[in-house]
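In what follows, a structure is listed as structure tokens, so that the remarks can point back to it.
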Amino acid sequence: MRSDIVTPSNERIDPSSVPGWGIDADPQNDPTYPYRIRDTDPGSRADWERPPLQSEGPEILQSIEHIRRPAVFGTANPPRGLSGMLRRAAFRWSESNWLHWLLLMGADRLNVVEGIAEDIGRGIVPNLPAEMGVRAEWRHNKKGFAIKAATAFAVAGGLVLLLRRKGSDTAARRGRGL
Amino acid sequence: MRAMDYRGPYRVRITEKPMPRIEHPRDAIVRVTRSCICGSDLHLYHGMVPDTRVGTTFGHEFCGVVEELGEEVSNLEVGDHVLVPFNIACGQCHFCQQGLFGNCHESNPQATAVGGIFGYSHTAGGYDGGQAEYVRVPYADVGPVVMPDWMDPDDAVLLTDVVPTGYQAAEMAGIQRGDTVLIFGAGPIGIMAARCAWLFGAGRVIVIDHLEYRLEFARSYGPAEVYSFKELNDVVTFMKKTTDGLGADVAIDAVGGDAKGNMLQTLFGTKLKLEAGNAIPLHWAINSVKKGGIVSVVGVYGPTGNIVPIGNVVNKGLTIRANQASVKRLLPRLIEHVRSGHIEPRKLITHRVALDDVADAYHLFAAKLDGCIKPVLVPSQA
Ligand SMILES: NC(=O)c1ccc[n+]([C@@H]2O[C@H](COP(=O)([O-])OP(=O)(O)OC[C@H]3O[C@@H](n4cnc5c(N)ncnc54)[C@H](O)[C@@H]3O)[C@@H](O)[C@H]2O)c1
Ligand SMILES: [Zn+2]
Ligand SMILES: [Zn+2]
């Protein structure tokens, strides 16, 4: 098993015990000036005075790189459904692991399908052209509109033909079976 | 209340959502009077940002009227008209203490590499954004600034992101008097960076894009020399030629991962998503800046990684500086610049769209139709 525990041989080194410590230190050599205020950098520590903690609400997924829950967080759209399971799984890996992001991207795509299913479940057929801003395309890009409309028409027409063919195929096969 | 509702890549609509409520003693509820769509929103809209959940409301550039205050917010009053920085920052943590309000450690559980941002996916904290009638504003005692009487709300809404980001892009470039500044991207951010480069003493400002109408805008607003990368055989070679063979002193990436202009990068970054967006602006910036030069990056890329010529960064001895803008840190100075007229933000606004027509506004801005530079959404009750 790997462990992050500091072993005795890895004890913190007292800088002043190192020969030559700081002899070339140059406070002017600060590439972060002016957007980082060095004077208020207390060195590596996490014990600032914390804001009051937001009370727990819906499920929050948390990066394993955090040592504790940040004081404030967003509560929009908690993880749900299959995409939610994928998202939970993703948070087993750190932000530096590709798998973490890959799973989240996968969950995002799945979530789109869930969104459409949910819409239909509530009796809403999502108006895809409107959601994609077709009115702006119509008003300001007639050529693009025509190409898109023609493509959509061709795809829809093709689908209908395909379905009909399949339908008559299976009907024919059934006919033979009978 | 009515709010923008993300349904999947290229699909948004307006939906009735529950009113936001105070969830923390330092929260405020703000009734939105203006909100903008940003180039950053396009990364979300195109499905490039991991953990962008269906049902989320985007919008990190907004101003509005304080409707309700948590018990610990004493510097604001109900009825104040405020502009709200896009960063959600506690003001106290290790990073906020150093002025790094774009890197707060107390506002985003889902990731450590980025602080909380309004309406910017769960990777940036899972907050609903301001493209809505109302919005929850956490740490309302830190971010929001009451708009002075003289300020136009159209200027105010651009002070929440565009102006500070353009300004910080120039600031991070470490521009010295007389420097040649090369800016990639003639969107609102690149245009503002061009304007601000002069304030830092630039000697030449050059802007690269491929949209003629935006280049024209940058040419007069910056002002700037402008070139279309479509008409240049090779951007880098051209830059060398126009700088006595040396390269620009500094280069600014104001494009980010939705860049165009290179087949391989488009394939890997945009289509296959094997890298976190198309990184060609970084290539061009790194390769056209002079040895020992500085590359300042405000263009947004995803969290996984990009193909960039890091070997050239080493061999040329470059300095790369990058960040999310620290809006609150810069506001006092920038409000002065707006008051004095050195920066005129609202000239960037080309389209004013009713919040209800949010889907059209997204498409218009994403497809760069009708000469769009910056669209602002206005809720009907605002
Ligand atoms: N760091 C921050 O705090 C911060 C804040 C706001 C925006 N941003 C980022 O800044 C970037 C620009 O934002 P915007 O609102 O101006 O977006 P925008 O989409 O309006 O503008 C981007 C411009 O870049 C141009 N472009 C595309 N490929 C190019 C290339 N290879 N070379 C040169 N130009 C190219 C496009 O034609 C477009 O005009 C985005 O990535 C956005 O996310 C960062
Ligand atoms: Zn923005
Ligand atoms: Zn903080």
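The values are calculated or read from the model by the stated rules, or taken from the named source; none is laboratory data. Since this is a predicted model, take the numbers as computed values, not measurements. A quick note on method: Cβ atoms are made from the backbone with ideal geometry, for glycine too, and the neighbour counts reach across all protein chains shown.
Structural remarks
- When B:L76 is tested against the conditions (1) of a type outside the set (V, I, T); (2) closer than 24 Å to A:Y35 by Cβ; (3) away from chain A (no Cβ under 14 Å), the lone failure is (2).
- Residue match in the stretch B:138-155 (condition: within 30 Å of B:L76 (Cβ to Cβ), within 14 Å of ligand 1 (Cβ to nearest atom), outside any strand (DSSP E or B) and among the β-branched types (V, I, T)): no
- Qualifying positions in the stretch B:106-121 - of a type in the set (S, T, N, Q), facing chain A (nearest Cβ under 7 Å) and surrounded by 24 or more Cβ atoms within 10 Å (Cβ to Cβ): B:S107, B:N108, B:Q110
- Residue in the stretch B:57-76 that is among the β-branched types (V, I, T), closer than 18 Å to A:F73 by Cβ and surrounded by 24 or more Cβ atoms within 10 Å (Cβ to Cβ) present: yes
- Residue match in the stretch B:352-371 (condition: surrounded by 18 or more Cβ atoms within 10 Å (Cβ to Cβ), within 18 Å of the chain's Cα centre (by Cα) and either assigned by TED's automatic domain parsing to the domain that holds B:N233 or of a type in the set (G, A, S) (or both)): yes
- Any hit, the stretch B:175-198, residues being within 12 Å of another protein chain (Cβ to nearest Cβ) and away from ligand 2 (no atom under 14 Å from the Cβ): no
- B:A285 vs. criteria in contact with a strand residue (DSSP E or B) (Cβ under 8 Å, 6 or more places away or on another chain), assigned to a loop (DSSP other than H, G, I, E, B) and within 14 Å of ligand 1 (Cβ to nearest atom): no
- Only listed residue being surrounded by 14 or more Cβ atoms within 10 Å (Cβ to Cβ) and at the interface with chain B (Cβ under 9 Å from one of its Cβ atoms), chosen from A:E49, A:E95: A:E95
- When B:L272 is tested against (1) over 17 Å from B:G47 (Cα atoms); (2) out of contact with any His (no Cβ under 7 Å at 6 or more places or on another chain); (3) of a type outside the set (D, E), just one condition goes unmet, and that condition is (1).
- Filtered by the rule that a residue be in contact with a helix residue (DSSP H, G or I) (Cβ under 6 Å, 6 or more places away or on another chain) and more than 16 Å from ligand 1 (Cβ to nearest atom), the stretch B:95-114 gives B:Q97, B:Q98, B:Q110.
- Any hit, the stretch A:54-66, residues being among the charged types (D, E, K, R), at the interface with chain B (Cβ under 9 Å from one of its Cβ atoms) and buried (at least 20 other Cβ atoms within 10 Å of the Cβ): no
- In the set B:R34, B:R53, B:R7, B:R13, only one residue is within 16 Å of ligand 2 (Cβ to nearest atom) and either more than 7 Å from every other protein chain (Cβ to nearest Cβ) or at pLDDT 95 or above (or both); that residue is B:R34.
- Checked against (1) part of a loop (DSSP other than H, G, I, E, B); (2) within 17 Å of the chain's Cα centre (by Cα), B:G305 passes all but a single condition, namely (2).
- On inspection, A:R87 passes the criterion of being in contact with a His (Cβ under 9 Å, 6 or more places away or on another chain), part of a helix (DSSP H, G or I), over 15 Å from B:H105 (Cα atoms) and among the charged types (D, E, K, R).
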